[in-house]
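Worksheet: one structure, shown below.
The values are calculated or read from the model by the stated rules, or taken from the named source; none is laboratory data. All of these numbers come straight from a predicted model, not from anything done at the bench. With ideal geometry, Cβ positions are generated from the backbone for all residues, glycine too; neighbour counts draw on all protein chains shown.
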Amino acid sequence: MKTLPPALAILLLIGTLSPALAADADTDADGIPDIAEPLLHTDPMNADTDGDGIGDLADSDAVNAPSPIAEGGAAATYRIGELLVENNVDPVAKKDAPDHLELQVFNDGSADLTDYTLFYTFTDNDSGVTEAYVVHPAVLIPAGGEARIHVDEGTMPGHLRANPNSIYLTSMAGKHVTATLQATGQAAVEATVEKDPGGAEQAD
Ligand SMILES: [Ca+2]
Ligand SMILES: [Ca+2]
Ligand SMILES: [Ca+2]
């Protein structure tokens with residue numbers, strides 16, 4: 001028997017139980033009602049939550065993108081500095097910020113870095129479940145300088161939208177987190193960090 005993508009199976013179930021709910025709002029127009037996206041751990045505001053090019057409805061693993069990172073390449077002219085997943089600080093307000101993925105990138109090259117891919121993963125230490133996301137941040141990393149990429153509410157420059165139904169936010173377990181960055185033609189650089197158990201905390 002052919003297995004259905006998880007999204008289709010859930011939609012069929014909801015449609016069977018409640019035809020009215022199945023026709024409910026679908027903000028990102030990906031074919032999955034807003035009310036069903038949390039059940040799939042997908043984002044109601046993103047039609048391709050894991051960024052792998054396959055929409056949430058058809059994606060057999062909608063929050064686990066295959067790695068887009070290529071082997072080899074020229075020596076990287078960039079490197080990852082800090083990789084934070086908790087105890088974030090708002091540098092402007094100098095106050096605690098809600099926990100989120102934050103990546104500091106140094107550009108040791110002579111040209112601004114704009115065309116690069118970020119691949120990040122969360123693995124739940126209790127369940128062993130892994131989520132993986134591909135993003136192409138529109139964040140310029142100046143030649144000889146640095147920039148910070150935030151994955152959170154995504155409303156400010158340098159900030160990308162986080163999936164609100166990710167295990168990063170919904171599981172209380174500790175997590176192993178990886179971030180891999182690659183510019184076209186150059187070797188990838190990777191960093192890892194452990195997130196303590198207790199879930200993602202809001203700022204005090
Ligand atoms: Ca939707
Ligand atoms: Ca979606
Ligand atoms: Ca996808």
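Here the condition is being assigned to a helix (DSSP H, G or I) and within 18 Å of Arg161 (Cα to Cα); of Glu86, Glu37, it holds for Glu37 alone.
Taken as a whole, the range 56-79 holds at least one residue that is outside any loop (DSSP other than H, G, I, E, B), at pLDDT 95 or above and closer than 25 Å to Thr123 by Cα.
So, Asp28, is that one charged (D, E, K, R) and within 11 Å of ligand 3 (Cβ to nearest atom) or not?
For Asp28, the condition - charged (D, E, K, R) and within 11 Å of ligand 3 (Cβ to nearest atom) - is not met.
Consider the range 62-85 and keep the residues that are more than 20 Å from Thr192 (Cβ to Cβ) and surrounded by 15 or more Cβ atoms within 10 Å (Cβ to Cβ). The one that is farthest from ligand 1 (Cβ to nearest atom) is Thr77. Being over 17 Å from the mean Cα position of the chain (by Cα) and closer than 20 Å to Gly51 by Cβ: is that true of Leu103 here? Spelling it out, it is not the case that Leu103 is over 17 Å from the mean Cα position of the chain (by Cα) and closer than 20 Å to Gly51 by Cβ.
Ala93 falls short on exactly one of the conditions (1) under 23 Å from Leu181 (Cβ atoms); (2) of a type in the set (A, V, I, L, M); (3) assigned by TED's automatic domain parsing to the domain that holds Glu131, and that condition is (1).
Only one entry of Tyr133, Tyr168, Tyr120 meets the criterion of being closer than 14 Å to Ile80 by Cα and in contact with a Phe, Trp or Tyr (Cβ under 9 Å, 6 or more places away or on another chain), and that entry is Tyr120.
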